[in-house]
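Values quoted throughout were computed directly from the atomic coordinates according to the rules given, and no laboratory measurement underlies them. Bear in mind the structure is a predicted one, so any value in this text is a computation, not a measurement.
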C-alpha cells in the first residue's frame, strides 16, 4: 500500500509518502534541507498509524501541525495465489 499526502505546519507544508509491503513499512517526509526518513521491518502498523507516532518528531521541523491531508492511496493488488501463499506462511492479509 502506498499513501501520499501533505503535512501542513506553521512554518512549512511538507509532502509525505508511506510505503507498506509484506516486508515492512517506510515513511519519507520532504522537509526543507533534508528529508525525514524512517523504516521498520515490521508491517504490523498501518501507514497513518506510523505517521501519527512520528508526528511529534516531524513537528519539531515544521512547527505546530495544522493538519495532515491524504491525497492518494494505492492498494496493493494481490492474486488469489499470492494471498494463499501469505496465509500459509503466516502473513494474514485481506484484500
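One quarter of the convex hull surface, Cα atoms only: what value does that give for segment 1-40 in nm²?
2.8
Find the eigenvalues of the gyration tensor of the Cα atoms of segment 2-88, then list the square roots of 5 times those eigenvalues as equivalent ellipsoid semi-axes, largest first, in whole angstrom. Intermediate results must be reported in sequence, preceding the final value.
Details: eigenvalues 166, 31, 19 Å².
They are 29, 12, 10 Å, listed largest first.
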